[in-house]
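I'd like to ask some things about the structure below.
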Amino acid sequence: MAGDSSSCTTLCEGDRSAVCGGKVKSSIFAMHMCATTKSELADASEQANIVAGDLDAKIHLASELAEKLQAASTKNRAMFGMAQAMFGKGGGPAEGNLMQEAKVFAGKLSSAAVTAGRVAKKLSGLIKRASEFKDFSKSATITKAERLMEAMAAAVEAGGLSQTTLGDMIRLAKPGKEELRAAAQYYPVMHFVDKKYASAMQTCSGMRVKAPIVGESADGCASSCDAAIHSCIGFNYFGTGNTSLCFLFSGLKSAVYYTGCERQGHMTLLQSKEHSGNLKTEPWDCGSVGRPLQAINEDKKSVIKALDVATGKYELVLEVEKSLTRPAFSKINACGINPVDSIIYCAMDFQRKAFLARIDSSGVGFVAKLPSKGQYSGDFDEKGNFYFNGKKLMKLSEVHLLPAAPVQYSVKKQTWKVVSDIQLGGDMAIVDEDIEGTGVHTYVMSLIDKELKVVRVSPEPAQTWTVKTRTLKGRLPAGGWGAAWKFKNDIYFANDEGRGVYHLDIASINLQEKTASFEKAGDSVAMSSNDGLGCAHARSPFVPVIPPRIEAYHHETPSAEPERETARCMVKLSKFVGTTLKPDPKGKCKQCLKELTHIDQC
């Protein structure tokens with residue numbers, strides 16, 4: 001009976017391997033109570049799978065960062081080791097100490113990844129064991145399942161601790177919160193000693209803040225210093241690209257400047273003229289983990305913000321100032337980062353016309369005239385072809401090869417073509433997948449309310465499908481979907497009403513039955529007049545909500561590094577404007593360098 005509180009694991013008299021429930025409960029009631037073990041085990045397995053998947057992603061990233069830290073520290077240690085050998089203690093020891101610090105941190109990061117790997121392996125083993133349970137009418141099965149769930153709970157708890165530890169170390173090694181033009185507020189340390197040598201290669205040492213940072217741009221390094229607002233006054237930046245190193249300082253003790261290097265010119269980090277009639281735009285530093293960026297038009301401003309996946313809130317990355325064009329443009333939309341050149345492109349509307357423009361924080365380069373204003377969604381395929389949509393889906397081929405003009409009206413007419421008459425949603429994402437079972441093709445994906453629009457754009461002719469969507473808890477929320485992101489082959493859409501970010505399960509797309517599944521991946525904020533953009537080759541920053549597909553690992557070819565590394569010691573202008581850092585023999589200047597070394601060699 002229902003009021004009986006006795007155990008439901010009493011064995012049947014005729015068959016001691018079967019469960020007959022409590023001594024008072026009916027067999028039907030006992031079966032109902034004990035059957036919950038199966039569903040509870042399934043829930044525990046799902047939770048363990050989510051933690052294991054997130055750990056695997058963090059382990060891969062941590063191992064990659066540790067390798068880059070080791071490589072960068074070894075390369076720079078060798079470089080400045082030669083300087084010390086040639087010029088004595090005046091050149092190289094401080095830099096060598098910084099490189100040793102990077103090497104030690106790499107070891108700690110690698111060790112944390114190994115520890116997390118053991119937890120992930122244990123979780124995977126427990127998940128596998130859970131999948132082997134079959135007959136839950138057996139008392140032995142129920143008992144083993146309960147013990148397994150206890151082991152899973154302990155492993156998930158340990159996994160949570162590993163997630164936190166490894167996540168904190170990853171954020172130290174690569175904060176990934178770059179704001180374009182952040183480095184513009186930092187000046188070379190020699191600017192406050194002798195402006196004549198401001199452009200010379202410089203290194204410095206002093207009181208350190210936080211851990212060594214790897215793979216960030218100078219803007220990313222400066223942004224990290226800005227984040228430590230009460231302690232950081234400057235940084236030493238070594239190298240370029242994926243193996244760059246950044247060290248933050250709360251105060252400086254010594255500096256070395258090298259006057260034998262080839263002149264690098266003014267240290268412009270963002271935009272310069274490549275040759276007459278063509279502007280060179282600085283590419284976005286994508287890194288290995290992507291950021292969900294959104295171009296937003298609000299309060300008469302056009303800005304690019306980044307979604308913080310942990311909080312669902314947005315932080316300003318860049319304002320595209322209206323003063324960059326004459327006359328001032330009205331808004332930007334249909335933005336994307338071209339995977340070929342890593343440059344941000346946006347459709348830019350003026351009073352009567354619209355143009356496709358390359359954008360960085362200090363300028364705009366116009367590359368094509370668009371058919372009309374109001375192009376509200378756009379994205380790039382792997383070949384650099386730009387697909388955009390107003391009332392029809394159109395294509396502008398190999399945009400990265402087009403010259404950029406400083407004035408929109410001097411843009412030569414470019415040829416676009418209509419791909420399909422279909423009208424898409426607020427944004428789109430483009431992916432190369434085998435969705436039809438006929439080989440890998442190129443598809444455009446877009447959400448309109450609760451329907452997924454799928455367009456095969458290559459090979460031609462285009463073919464379109466309208467697909468019904470579902471989620472684990474029912475259906476997608478209503479509203480527009482103004483931002484879409486693709487990280488590798490993971491596609492996400494953000495709801496304009498602030499009802500969350502949803503991950504498209506590409507493996508679930510069935511074009512014959514016209515169905516597809518989504519799962520909620522995070523929170524978002526309600527907004528209008530927005531468009532998503534991100535780095536297609538970067539890994540997703542969202543916590544996994546869909547089991548990973550078994551597929552070949554996409555090996556990233558490291559970018560070519562310059563033959564000779566560079567080094568810059570930069571300090572915040574606001575901290576030292578109107579002052580000097582020149583060593584004071586009398587010792588009255590508290591902020592001045594205690595030691596300054598000049599080496600006439602590169």
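The values are calculated or read from the model by the stated rules, or taken from the named source; none is laboratory data. Just so it is clear, the structure is predicted and the values come from calculations on it, not from any experiment. Using ideal geometry, Cβ is built from the backbone for each residue, glycine included, and neighbour counts are taken over all protein chains shown. Note: areas computed on protein heavy atoms with side chains; ligands, DNA, RNA excluded. Shrake-Rupley method; radii C 1.70, N 1.55, O 1.52, S 1.80 Å.
So, in the stretch 327-353, how many residues would count as being in contact with a helix residue (DSSP H, G or I) (Cβ under 9 Å, 6 or more places away or on another chain) and either surrounded by fewer than 19 Cβ atoms within 10 Å (Cβ to Cβ) or over 15 Å from Leu396 (Cβ atoms) (or both)?
We begin by selecting, within the stretch 327-353, every residue in contact with a helix residue (DSSP H, G or I) (Cβ under 9 Å, 6 or more places away or on another chain); these are 328-330, 338, 340-341, 343, 345, 348, 350, 353.
Narrowing the set further to residues that are either surrounded by fewer than 19 Cβ atoms within 10 Å (Cβ to Cβ) or over 15 Å from Leu396 (Cβ atoms) (or both) leaves 328-330, 340-341, 350, 353.
The qualifying residues number 7.
So, in the stretch 558-601, of the ones that are of a type in the set (A, V, I, L, M, F, W, C) and open to solvent by 30 Å² or more (accessible area, probe 1.4 Å), which residue ends up modelled with the lowest pLDDT?
Initially, the stretch 558-601 is screened for residues of a type in the set (A, V, I, L, M, F, W, C), giving 560, 567, 569-571, 573, 576-577, 581, 589, 592-593, 596, 599.
Going one step further and asking which of them are open to solvent by 30 Å² or more (accessible area, probe 1.4 Å), we end up with 560, 573, 577, 589, 596.
Details: Ala560: 37, Leu573: 86, Val577: 81, Cys589: 87, Leu596: 92.
Restricting to residues being of a type in the set (A, V, I, L, M, F, W, C) and open to solvent by 30 Å² or more (accessible area, probe 1.4 Å), the top hit is Ala560.
On to the next question. Can you find, within the stretch 273-293, the residue that is modelled with the highest pLDDT among those that are part of a strand (DSSP E or B) and open to solvent by 60 Å² or more (accessible area, probe 1.4 Å)? Please lay out each step first, then the result.
The first filter runs over the stretch 273-293 and keeps only residues part of a strand (DSSP E or B), leaving 273-275, 278-281, 289, 293.
So of that shortlist, the ones also open to solvent by 60 Å² or more (accessible area, probe 1.4 Å) come out as 273-275, 280.
Details: Lys273: 34, Glu274: 39, His275: 34, Lys280: 79.
If we take residues in the stretch 273-293 being part of a strand (DSSP E or B) and open to solvent by 60 Å² or more (accessible area, probe 1.4 Å), then Lys280 is modelled with the highest pLDDT.
Please go through the stretch 502-523 and pick out each residue that is closer than 19 Å to Lys313 by Cα and among the hydrophobic types (A, V, I, L, M, F, W, C). Walk me through it before giving the result.
Restricting attention to the stretch 502-523, the residues satisfying the condition of being closer than 19 Å to Lys313 by Cα are 502-503, 520-523.
Answer for the stretch 502-523, where residues must be closer than 19 Å to Lys313 by Cα and among the hydrophobic types (A, V, I, L, M, F, W, C): just Ala521.
While we're here: Only residues that are modelled with pLDDT of 90 or more, aliphatic (A, V, I, L, M), open to solvent by 10 Å² or more (accessible area, probe 1.4 Å) and part of a strand (DSSP E or B): list them for the stretch 388-405, please.
Result: Met394, single match.
What's the number of the only condition in (1) modelled with pLDDT under 90; (2) under 30 Å from Ala218 (Cα atoms); (3) open to solvent by 10 Å² or more (accessible area, probe 1.4 Å) that Gly167 fails to meet?
Tallying (1) modelled with pLDDT under 90; (2) under 30 Å from Ala218 (Cα atoms); (3) open to solvent by 10 Å² or more (accessible area, probe 1.4 Å), Gly167 fails exactly one: (3).
Let me ask you something else. Quick check on this structure: which one of Leu161, Leu148 is among the hydrophobic types (A, V, I, L, M, F, W, C) and open to solvent by 60 Å² or more (accessible area, probe 1.4 Å)? Let's see the steps before the verdict.
Numbers: Leu148 fails: open to solvent by 60 Å² or more (accessible area, probe 1.4 Å).
That would be Leu161, the only listed residue that is among the hydrophobic types (A, V, I, L, M, F, W, C) and open to solvent by 60 Å² or more (accessible area, probe 1.4 Å).
Against the condition open to solvent by 20 Å² or more (accessible area, probe 1.4 Å) and either within 23 Å of Glu64 (Cα to Cα) or without any contact (Cβ under 8 Å) to a residue 40 or more places away in the chain (or both), how does Thr243 come out, does it pass?
Values: open to solvent by 20 Å² or more (accessible area, probe 1.4 Å): yes; either within 23 Å of Glu64 (Cα to Cα) or without any contact (Cβ under 8 Å) to a residue 40 or more places away in the chain (or both): yes.
It is true that Thr243 is open to solvent by 20 Å² or more (accessible area, probe 1.4 Å) and either within 23 Å of Glu64 (Cα to Cα) or without any contact (Cβ under 8 Å) to a residue 40 or more places away in the chain (or both).
Any residue at all in the stretch 379-387 that is buried (at least 16 other Cβ atoms within 10 Å of the Cβ), in a strand (DSSP E or B) and free of Cβ contacts under 8 Å to residues at least 60 places away in the same chain?
Going residue by residue through the stretch 379-387, those that are buried (at least 16 other Cβ atoms within 10 Å of the Cβ) are 379-381, 384-387.
Narrowing further to those that are in a strand (DSSP E or B): 379-380, 386-387.
Adding the requirement that they be free of Cβ contacts under 8 Å to residues at least 60 places away in the same chain leaves 386.
Yes, the stretch 379-387 has at least one match.
Here is a list of conditions, (1) in contact with a Leu (Cβ under 7 Å, 6 or more places away or on another chain); (2) open to solvent by 50 Å² or more (accessible area, probe 1.4 Å), and Asp360 meets all of them except one; can you say which number that is?
(2)
At pLDDT 90 or above, in contact with a strand residue (DSSP E or B) (Cβ under 7 Å, 6 or more places away or on another chain) and under 29 Å from Ile50 (Cα atoms) - does that describe any residue in the stretch 180-196?
No - not one qualifying residue is present in the stretch 180-196.
Let me ask you something else. Condition first: open to solvent by 10 Å² or more (accessible area, probe 1.4 Å) and at pLDDT 95 or above. Can you find one or more residues in the stretch 317-326 that meet it? If you could, list the steps in order and put the result at the bottom.
As a first pass, look at the stretch 317-326 and keep what is open to solvent by 10 Å² or more (accessible area, probe 1.4 Å): 319, 321-324, 326.
Keeping just the survivors that are at pLDDT 95 or above gives none.
No, the stretch 317-326 contains no residue that is open to solvent by 10 Å² or more (accessible area, probe 1.4 Å) and at pLDDT 95 or above.
State the number of residues belonging to the stretch 412-425 that are open to solvent by 70 Å² or more (accessible area, probe 1.4 Å) and among the aliphatic types (A, V, I, L, M).
Looking only at that region, the number is 1.
With the condition kept exactly as written, say whether any residue in the stretch 247-264 is in a strand (DSSP E or B), closer than 22 Å to Tyr187 by Cα, modelled with pLDDT of 90 or more and open to solvent by 40 Å² or more (accessible area, probe 1.4 Å).
Within the stretch 247-264, one or more residues are in a strand (DSSP E or B), closer than 22 Å to Tyr187 by Cα, modelled with pLDDT of 90 or more and open to solvent by 40 Å² or more (accessible area, probe 1.4 Å).
Specify which of the listed residues (Ala211, Ala158, Ala154) is under 19 Å from Ser110 (Cα atoms), free of Cβ contacts under 8 Å to residues at least 40 places away in the same chain, aliphatic (A, V, I, L, M) and not in a loop (DSSP other than H, G, I, E, B). Let's see the steps before the verdict.
Values: Ala211 fails: free of Cβ contacts under 8 Å to residues at least 40 places away in the same chain; Ala154 fails: under 19 Å from Ser110 (Cα atoms).
Of the residues listed, the single one that is under 19 Å from Ser110 (Cα atoms), free of Cβ contacts under 8 Å to residues at least 40 places away in the same chain, aliphatic (A, V, I, L, M) and not in a loop (DSSP other than H, G, I, E, B) is Ala158.
Then there's this: Just give me the residues in the stretch 528-539 being small (Gly, Ala, Ser) and open to solvent by 30 Å² or more (accessible area, probe 1.4 Å), in sequence order. Steps first, answer last, please.
At the first step, the residues of the stretch 528-539 found to be small (Gly, Ala, Ser) are 528-529, 532, 534, 536, 538.
Passing the criteria: Ser528, Ser529.
Give me the residue from the stretch 501-527 that is in a loop (DSSP other than H, G, I, E, B) and in contact (Cβ under 8 Å) with a residue 60 or more places away in the chain and, out of that set, most open to solvent (accessible area, probe 1.4 Å).
Let us first name the residues in the stretch 501-527 that are in a loop (DSSP other than H, G, I, E, B), namely 511-514, 523-527.
Then drop every residue that is not in contact (Cβ under 8 Å) with a residue 60 or more places away in the chain, which leaves 511, 523-525, 527.
Working: Leu511: 21, Asp523: 84, Ser524: 16, Val525: 58, Met527: 40 Å².
For the stretch 501-527, the residue satisfying everything is Asp523.
Inspect the stretch 490-499 for any residue being of a type in the set (Asp, Glu) and farther than 26 Å from Met394 by Cα and give the result as yes or no.
The first filter runs over the stretch 490-499 and keeps only residues of a type in the set (Asp, Glu), leaving 490, 496-497.
Filter again for farther than 26 Å from Met394 by Cα, leaving 497.
There is at least one residue in the stretch 490-499 that is of a type in the set (Asp, Glu) and farther than 26 Å from Met394 by Cα.
If I ask for residues that are within 24 Å of the chain's Cα centre (by Cα) and open to solvent by 10 Å² or more (accessible area, probe 1.4 Å), which ones from the stretch 426-444 would you list?
From the stretch 426-444, those within 24 Å of the chain's Cα centre (by Cα) are 426-433, 442-444; that's our starting set.
Correct list: Gly426, Asp432, Glu433, Thr442.
Exactly one of (1) in contact with a Lys or Arg (Cβ under 9 Å, 6 or more places away or on another chain); (2) part of a loop (DSSP other than H, G, I, E, B); (3) modelled with pLDDT of 90 or more is unmet by Ile296. Its number?
(2)
Take the stretch 459-500 and flag every residue that is open to solvent by less than 10 Å² (accessible area, probe 1.4 Å), among the aliphatic types (A, V, I, L, M) and farther than 19 Å from Glu436 by Cα.
Result: Leu476, Ala483, Ala484, Ala494.
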